[in-house]
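To start, the structure under review is shown below, and the notes come after it.
The values are calculated or read from the model by the stated rules, or taken from the named source; none is laboratory data. None of these values were measured; they are calculated from a predicted model. Note that we place each Cβ from the backbone using ideal geometry, even for glycine, and neighbour counts take in every protein chain shown. Note: accessible area is taken over every heavy atom of the protein model, side chains too, but ligands, DNA and RNA are not part of it. Shrake-Rupley method; radii C 1.70, N 1.55, O 1.52, S 1.80 Å.
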Amino acid sequence: MTVGTMTTDSMTADRLRVVVAAPLSAADAARIVELEPRIDLVYEPALLPPMRHAADFAGDPEFRRTTEQQRAFDDLIDSADVLYGIPDVDSAALARAVRANPRLRWVQTMAAGGGAQVRAAGLSTAELDRVTFTTSAGVHGGPLAEFAVFGVLAGAKDLPRLTAQKSGHEWTGRWTMRQVSDLTVLVLGLGGIGTETARKLSALGARVIAFNRSGEGSIEGVSVQPMHLLREHLPQADAVVVTLPGTAATEGLLDDGFFAALTPGATIVNVGRGTVIDEPALLRALESGQVGFAALDVFAVEPLDTASGLWDHPNVVISPHTAALDPREESRIAALFADNAGRFLDDRPMRNVVDTVEFY
């Protein structure tokens, strides 16, 4: 079905044909058109996999289209000016869509880190120049910032020790716990997640030093520094929160040397991309006690290998890449998309455009 009034089969100066390529509720479909009435939203729920949980944009893995349904789905994809989602969250399907449809001008990815999916499509420079890709960055800032604060608090309050003593029915002597207001916390990355994390930790009284490439930015109570000065600040760090994207520049940034430079017993929290941390190096730092606690929502390879030593380490909390999920995530992405559609139609700068050199 089409939500909104169709005009012609091609994009005009004042209309935009958007084909929904990812699971979407009827309410959010209607909301997109309500927020931006110049969208002609082509929405066929029967051709999309059902969601298993909130923001499950890959949908049920058991879902299969018939040959006729797949042909109909591809025909819709090939008629779009804009795609709401990467078809089947499949980079190969994205490459097919871009190459089969010369009218395609914009693809909204559902993930905050959608740049990695675009990179995996192996598109040419000309194709990357023709199609704009945007992500849902910023939508997950609140939930992931809360997980980051949880991680810092859990490290400060000795969560592993408390858990072990409870499990063993052990009432020990009392001990002092660290106060977040006494900690120096480094926040790596100042996108939506990093900015919200820095604000929340600063509000709890922590001394927060945040890092981005330029060293520019203003957050009340937070010192913003350029990434090239990061190593100079590591000896002060009681905790490090990673919110960085996965790029060639960030891969393995947290390595043996990084961990060795930290305050002994430091806490590591990762809500960015798993490739930023050298996981064997982290395990070595945990074994030596140089890192006292780690709260990890993302990993270099997901699902995390069942043989990984991170599973069994008592000082590690593992979240299966679920900290960003929130009942309102889907509606936030829909609203973000509608705003960007207006910007696209009005030839104004769009939000969250993927850098097609570093793909973030």
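Laid out as a table, the results:
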| item | result |
| --- | --- |
| Single residue of Gly194, Gly168, Gly114 found to be surrounded by fewer than 18 Cβ atoms within 10 Å (Cβ to Cβ) and not polar (S, T, N, Q) | Gly168 |
| Flag for Ala58 being small (Gly, Ala, Ser), at negative phi and exposed (fewer than 13 other Cβ atoms within 10 Å of the Cβ) | no |
| Tabulated pairs, the range 14-27, first touching a residue at least 40 places away in the same chain (Cβ under 8 Å) and open to solvent by 10 Å² or more (accessible area, probe 1.4 Å), second part of a helix (DSSP H, G or I) and of a type in the set (A, V, I, L, M), C-beta under 8 angstrom, 6+ apart or interchain | Asp14/Leu345; Leu24/Ala334 |
| Index of the failed condition, Arg64 passing every other in (1) touching a residue at least 40 places away in the same chain (Cβ under 8 Å); (2) in a loop (DSSP other than H, G, I, E, B); (3) surrounded by fewer than 21 Cβ atoms within 10 Å (Cβ to Cβ); (4) more than 21 Å from the chain's Cα centre (by Cα) | (1) |
| Test result for Leu204, surrounded by 18 or more Cβ atoms within 10 Å (Cβ to Cβ) and either in contact with a Gly (Cβ under 7 Å, 6 or more places away or on another chain) or among the aliphatic types (A, V, I, L, M) (or both) | no |
| Filtered residue count, the range 53-90, keeping only those that are under 23 Å from Phe344 (Cβ atoms) and among the hydroxyl-bearing types (Ser, Thr, Tyr) | 2 |
| Per-region count, the range 337-353, residues within 18 Å of Ala111 (Cβ to Cβ) and open to solvent by less than 10 Å² (accessible area, probe 1.4 Å) | 2 |
| The range 267-293 residues that are charged (D, E, K, R), paired with ones that are modelled with pLDDT of 95 or more and open to solvent by less than 40 Å² (accessible area, probe 1.4 Å) (beta carbon under 6 Å, 6 or more apart) | Arg273/Val298; Asp278/Gly252 |
